[in-house]
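Enquirer: Input: one structure, supplied below.
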Amino acid sequence: MKIIYKVVLIGMFVITLVGCDNKVKFDRVASLNNDSPDYAPYSRYIKKQILTFKVDNKLERIITAEYDKQGRCILSYAVSDIENFNFRLERDYQNNTFNDHMSFFRINDRGHIVFDSMGKEIAFIGVATENGKSEQLPFNSFIFYDNDKKVSSETQFGNFLVKGKTNWENDLITYKIVSYFRKDGTKLFSTEIEYDYDKLNRISTITDRYESPERTINSKATFTEYNQFGDWTKAFVAHSESGKKFTTIVIREIEYW
């Protein structure tokens, strides 16, 4: 189950990031719509970033993400000796298509991206294929906004259902909850995340609580170093479960447009 929890951390450390060129005015709310606060840029759009995760000074995994000049993730992938950590997410914004592989769920999905009249992503519609099977199952993911801020989502793929909710204070995300279910409604696990910021509104700490029917795991990420653009470059993530503790060190390398 520790592997399940670490994969969930990808949800708080990974999934879509941002980038742009100097002709595009930086919009922090838009960047937070595109990604979680720990990955979204502080003051300048990102072209590429690499995150290296180490536990007890041993390499655990490396996550790489690349973005187009409009601040949208076009490629994100993880490399690890632990199969469940691996994933690959691709976006083709010229043809508005997506093609993803998630080892943890043993699912491949692909399809088309749907936008609203303002150009915001509101749906991903396609098919999902379970590893080793030829049957194609529906893949439907919907995103909901309030005042142009992403506040909830619902995704059904294969035999899984994922529901997410996001709370904002002013223009900053302060809380997220993501719950994972089987198609029949059985809850698998959930993760609740609280985000805190320093006086400059840079992300400073993240508190995460993972719950499943079998266990509860708490973690706290502390960001200790920042670059000249206000983006963190090093983090310590302390995890605890039933008195057992371990720490993950994350190093973040960033290339800007």
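The values are calculated or read from the model by the stated rules, or taken from the named source; none is laboratory data. Values in this document were obtained by computation on a predicted structure and should not be read as measured data. Every residue, glycine as well, gets a Cβ built from its backbone with ideal geometry; the counts of neighbours run over all protein chains shown.
Enquirer: Can you spot a residue in segment 215-227 that is part of a loop (DSSP other than H, G, I, E, B) and touching an Asp or Glu at 6+ places or on another chain (Cβ under 8 Å)?
Expert: yes
Enquirer: Also, quick follow-up: Scan segment 115-144 residue by residue and report those that are under 23 Å from PRO37 (Cβ atoms), out of contact with any Ser or Thr (no Cβ under 9 Å at 6 or more places or on another chain) and assigned to a strand (DSSP E or B).
Expert: Selection gives GLU121, ILE122.
Enquirer: Can you tell me which residue is surrounded by the most Cβ atoms within 10 Å (Cβ to Cβ) among those in segment 47-57 that are at pLDDT 95 or above and of a type in the set (A, V, I, L, M, F, W, C)? Can you show your working first?
Expert: As a first pass, look at segment 47-57 and keep what is at pLDDT 95 or above: 47-54.
Now narrow it down to the ones that are of a type in the set (A, V, I, L, M, F, W, C): 50-51, 53.
Values: ILE50: 14, LEU51: 21, PHE53: 23.
Filtering segment 47-57 for residues that are at pLDDT 95 or above and of a type in the set (A, V, I, L, M, F, W, C), the one surrounded by the most Cβ atoms within 10 Å (Cβ to Cβ) comes out as PHE53.
Enquirer: How many residues are acidic (Asp, Glu) and within 20 Å of GLU255 (Cα to Cα) if we restrict to segment 55-103?
Expert: Going through segment 55-103, the residues acidic (Asp, Glu) turn out to be 56, 60, 66, 68, 81, 83, 90, 92, 100.
Checking the rest, the ones that are also within 20 Å of GLU255 (Cα to Cα) come to 66, 68, 90.
Within segment 55-103, residues that are acidic (Asp, Glu) and within 20 Å of GLU255 (Cα to Cα) number 3.
Enquirer: Restricting the search to segment 153-189, which residues are in a strand (DSSP E or B), over 18 Å from THR205 (Cα atoms) and touching a residue at least 40 places away in the same chain (Cβ under 8 Å)? Talk me through it step by step, then tell me what you get.
Expert: Start the filter on segment 153-189 by keeping residues that are in a strand (DSSP E or B), which leaves 153-157, 160-169, 172-182, 187-189.
With the extra rule that they be over 18 Å from THR205 (Cα atoms), the set shrinks to 153-157, 160-165, 178-182, 187-189.
Matches in segment 153-189: PHE157, PHE160, VAL178, PHE189.
Enquirer: Same structure again: Which number in (1) more than 21 Å from ALA235 (Cα to Cα); (2) modelled with pLDDT under 95; (3) hydroxyl-bearing (Ser, Thr, Tyr) marks the one condition that THR97 misses?
Expert: With (1) more than 21 Å from ALA235 (Cα to Cα); (2) modelled with pLDDT under 95; (3) hydroxyl-bearing (Ser, Thr, Tyr) applied to THR97, the lone miss is (2).
Enquirer: To continue, here is another question. Answer with yes or no whether ILE82 is modelled with pLDDT under 95, surrounded by fewer than 22 Cβ atoms within 10 Å (Cβ to Cβ) and among the aliphatic types (A, V, I, L, M).
Expert: Numbers: modelled with pLDDT under 95: yes; surrounded by fewer than 22 Cβ atoms within 10 Å (Cβ to Cβ): yes; among the aliphatic types (A, V, I, L, M): yes.
For ILE82, the condition - modelled with pLDDT under 95, surrounded by fewer than 22 Cβ atoms within 10 Å (Cβ to Cβ) and among the aliphatic types (A, V, I, L, M) - is met.
This table checks each residue for (1) loosely packed, with under 14 Cβ neighbours inside 10 Å; (2) not hydrophobic (A, V, I, L, M, F, W, C).
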| position | (1), (2) |
| --- | --- |
| PRO213 | yes, yes |
| SER219 | no, yes |
| THR224 | yes, yes |
| GLY230 | no, yes |
| PHE236 | yes, no |
| HIS239 | no, yes |
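Enquirer: Something else: State whether one or more residues within segment 80-87 are of a type in the set (A, V, I, L, M, F, W, C) and not in a strand (DSSP E or B).
Expert: Just the residues of segment 80-87 that are of a type in the set (A, V, I, L, M, F, W, C), to begin with: 82, 85, 87.
Add one more test, that the residue is not in a strand (DSSP E or B), and what stays is 82, 85.
So far as segment 80-87 goes, yes, one or more of its residues are of a type in the set (A, V, I, L, M, F, W, C) and not in a strand (DSSP E or B).
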